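Report on the following structure.
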Amino acid sequence: MAERTSRGGRRTGWRAWSRRLVRGIAIAGLLLAALPIVLVPLYAVVPPPASTLEVWQRLNGVPIKKRWVPLDDIAPVLVHSVIMSEDGQFCAHRGVDWKAVREVLDRGDTRGASTIPMQTVKNLFLWSSRSYVRKGLEVPLAYWADLVWSKRRMIEIYLNIVEWGPGVFGAEAAAQHWFGVPAARLSRRQAALMAAALPNPIARNPAKPGRTTTYLAGIIERRARQAGAYVTCLE
């Protein structure tokens, strides 16, 4: 009888411990999910300290090159090149370009249609590997960031945290690393080459571009020359 009571007590204790564990995990998950909601308004006035990718690379011992600069210290040709390359409707949408999403789905593609707001919140708060879960989180976070930040602040944050090579983060560090000039002094061609490297910054070298990067840079350079109506939200 005493043995059965002891076993019953152990089972009751295990169930209580399990419930506390599940409750703790749920609370931690909710707090983690709420963190971006709190940080987005904060980042409207202070520079984000690091992206999740940068943190991961630091933890793995990768040397990091990075220097935050205000948008006014980044050459407009780079701003225009990146927008025309990565998100031509940047000034028109409110975080997600659903027309581009539908076009991608109609083509049966598995990638594409990620706007600059979606890429920014992914870089700041999420992980780099592709999954439907990550995409599902990107959409509401992109809407939230686009609601809280001005378009100028959005592109300023994006250009300062995006990866532009192994351990190279942000336009200033990238301009110095690849071309030996500050981001404010990039030429039109250099800006186009940097924009062309963004989709695959590890494999593409803006300073020694291959055939694909050179071809894409030519297209981007022509588009950037005609960017006027597409970048009015930055004025």
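The values are calculated or read from the model by the stated rules, or taken from the named source; none is laboratory data. Just so it is clear, the structure is predicted and the values come from calculations on it, not from any experiment. Here the Cβ positions follow ideal geometry from the backbone for every residue, glycine too, while neighbour counts run over all protein chains shown.
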Exactly one of Pro63, Pro36, Pro70 is modelled with pLDDT of 95 or more and within 27 Å of Leu147 (Cβ to Cβ), and that one is Pro70
Flagged in the range 73-98 as of a type in the set (A, V, I, L, M, F, W, C) and either over 17 Å from the mean Cα position of the chain (by Cα) or outside any loop (DSSP other than H, G, I, E, B) (or both), in numbering order, are Ile74, Ala75, Val77, Leu78, Val79, Val82, Ile83, Met84, Cys91, Ala92, Trp98
From the option list Ile161, Ile202, single residue qualifying as more than 16 Å from Ile220 (Cα to Cα) and at pLDDT below 95 is Ile202
Counting only residues that are outside any helix (DSSP H, G or I) and either more than 22 Å from Ala174 (Cβ to Cβ) or basic (Lys, Arg) (or both), the range 105-125 contains a total of 6
With the first residue restricted to the range 173-193 and required to be crowded, with 21+ Cβ neighbours inside 10 Å, and the second required to be charged (D, E, K, R) and in a helix (DSSP H, G or I), Cβ contacts under 6 Å at 6 or more apart or on different chains are Ala183/Glu172; Ala192/Glu221
Residue set Arg225, Arg188, Arg204, Arg211; condition in contact with a Gly (Cβ under 8 Å, 6 or more places away or on another chain) and assigned by TED's automatic domain parsing to the domain that holds Arg94; output residue Arg204
The lone condition Ile155 fails out of (1) surrounded by fewer than 21 Cβ atoms within 10 Å (Cβ to Cβ); (2) in contact (Cβ under 8 Å) with a residue 40 or more places away in the chain is (1)
Surrounded by 10 or more Cβ atoms within 10 Å (Cβ to Cβ), at pLDDT 70 or above and among the small types (Gly, Ala, Ser): is that true of Ala50 in this structure? yes
Exercise. Could you say whether any residue in the range 161-172 is touching a Gly at 6+ places or on another chain (Cβ under 7 Å), assigned by TED's automatic domain parsing to the domain that holds Gly218, touching a residue at least 60 places away in the same chain (Cβ under 8 Å) and farther than 20 Å from Gln89 by Cα?
Worked result: yes
Counting only residues in the range 194-235 that are within 25 Å of Pro70 (Cα to Cα) and charged (D, E, K, R), the one surrounded by the fewest Cβ atoms within 10 Å (Cβ to Cβ) is identified as Glu235
**OP:** Output yes when any residue across the range 11-33 is at pLDDT 95 or above and closer than 21 Å to Tyr143 by Cα, and no when none is.
**Re:** no
Note on Leu39: of the conditions (1) in contact (Cβ under 8 Å) with a residue 60 or more places away in the chain; (2) in the same structural domain as Arg185 (by TED's automatic domain parsing), unmet is (2)
